[in-house]
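One structure below.
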Amino acid sequence: MKTLYWKDDQLYLLDQTLLPCEVEYLVCGTYQDVIVAIKTMVVRGAPAIGVSAAFAMALAELSGEDLQKAAEEIKAARPTAVNLAWAVDRVLKSDSAVDEALEMYQEDMDTNRALGKNGASVINDGDTVLTHCNAGALACVDYGTALGVIRSAHEEGKNINVICDETRPVLQGARLSVWEMQEEGIPVQLIVDGAAGRLMQEGEVDKVVIGADRVAKGGVANKIGSLMVALAANRFGVPFYVAAPKSTFDYQNSIYEIEIEERDPEEVLSFAGCQAAPLGTEVRNPSFDIVPSDLITGIITEKGILKPF
Ligand code: MRU
């Protein structure tokens, strides 16, 4: 099953808001359709929104739109993952948006395989690996980054057990990562976010591997909850790895300068469509954490395992 694909000058996006209950594709015929899909998280995950943004530029080009204007609008769809701006700028510099987007589509698949192979070297036979959110095939074109590392170790014949944090508020861990691991036949257990520290304290976690929305000077931005996992891992001596392709690296900014997206309070006020707090409750809903470099054991990339900077 593909996270996204390009066919007959249209972009098909697997609607991740419906998973795991329904498997349905949203067809985008305009760049504005893609912007809405990114904002509403029909497609999500840094590499997947990067490649989708490239195809949004392709749609803009095909319909003769002002590409600079489209680029600004697409980049503003979600602010934290640097892949969005990276992809749009790369297309702007190219001769053909469609060709460039198709090249990025293929590159993402190749990159994740290489990254996965590099990461598998730090995973031992019998390891239990904890992950947060979804940095899997669904967050990329295919294979995944953090889950790509686990897939690669599994393909090497290592027995791996995976623990997925559910990842409130929209449950990417429960709905997407658990689903991907089950499809792959990799043993997986689901925990509530607050249980990660408890399991590490009990020595039940050998490694943590998460993805990233941005790697920059001073640390890494990733899904809210990542910082608490990193702090617990540090306290209990569990190696903490970030898996991210070089397209997620931002060498211009300090990680503390970037915009952290705040999302709709409604995501917190309800759970599975049911009201979860008194009406009118004030909410804070930051969508991403910053994990400081000193809590990170290594950053697994397609080029090797790097030290955070
Ligand atoms: O809000 P999301 O679901 O887009 O957040 C996704 C994450 O935090 C992922 O870990 C990150 O984008 C890396 S995906 C390979």
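Relative to the longest principal axis of the Cα atoms of the chain, helix 46-62 runs at roughly 10 degrees. Each listed q (0.16, 0.17, 0.22 Å⁻¹) maps to a log10 I(q)/I(0) for the range 52-149, found by the Debye formula over equal Cα scatterers with no solvent: -0.73, -0.79, -1.08. For Phe249, nonlocal amide neighbours, meaning residues 5 or more places apart or on other chains whose placed amide H falls under 5 Å from its own, are Val215. For the chain, the convex hull spanned by the alpha carbon atoms encloses 128 Å³ per residue. Given the pairs Lys7/Lys303; Lys7/Lys39; Lys7/Lys217; Lys2/Lys39; Lys39/Lys158; Lys75/Lys223, which span a C-alpha to C-alpha distance of over 27 angstrom in this model? Cα-Cα > 27 Å for Lys7/Lys303; Lys7/Lys217; Lys39/Lys158; rest within.
For the range 4-110, the share of alpha carbon pairs falling in successive 10 Å distance bins from zero is 17, 54, 27, 3, 0 percent. Normalised by the number of residues in the range 112-152, the average gap of Cα pairs under 8 Å and 6 or more apart makes the relative contact order 55 percent. Volume per residue for the range 202-251 equals 76 cubic angstrom (convex hull of Cα atoms).
The mean sequence separation of alpha-carbon pairs under 8 Å and at least six residues apart, normalised by the residue count of the range 121-306, gives a relative contact order of 21 percent. Among Lys217, Lys75, Lys93, the largest mean-square fluctuation in a Gaussian network model of the chain, built with springs joining Cα atoms closer than 10 Å, belongs to Lys93.
Give the cross-link partners of Lys246 among the aspartates and glutamates, using a straight C-alpha distance below 13 Å as the criterion and excluding same-chain residues fewer than 8 apart. Those aspartates and glutamates meeting the cut-off are Glu107, Asp108, Asp110, Asp213, Glu302.
Computed from Cα atoms, the angle from the helix 226-235 axis to the main principal axis of the chain rounds to 30 degrees. Roughly speaking, what % of Cα-Cα pairs in the range 222-307 are separated by over 21 Å, rounded to a whole number? Distances greater than 21 Å cover 46 percent of the Cα pairs. The simple Förster model, with R0 at 30 Å and r as the Cβ-Cβ distance, assigns Tyr5 and Glu156 a FRET efficiency of 0.60. For Glu266 and Leu102, the FRET efficiency from 1/(1 + (r/R0)^6), where r spans their Cβ atoms and R0 equals 41 Å, is about 0.70.
Where a number appears in this text, it was derived from the coordinates with a stated rule and is not lab data. Worth saying up front: this structure is predicted, and the values here are computed from it rather than measured. Neighbour counts run over all protein chains shown; Cβ positions are idealised from the backbone, glycine included.
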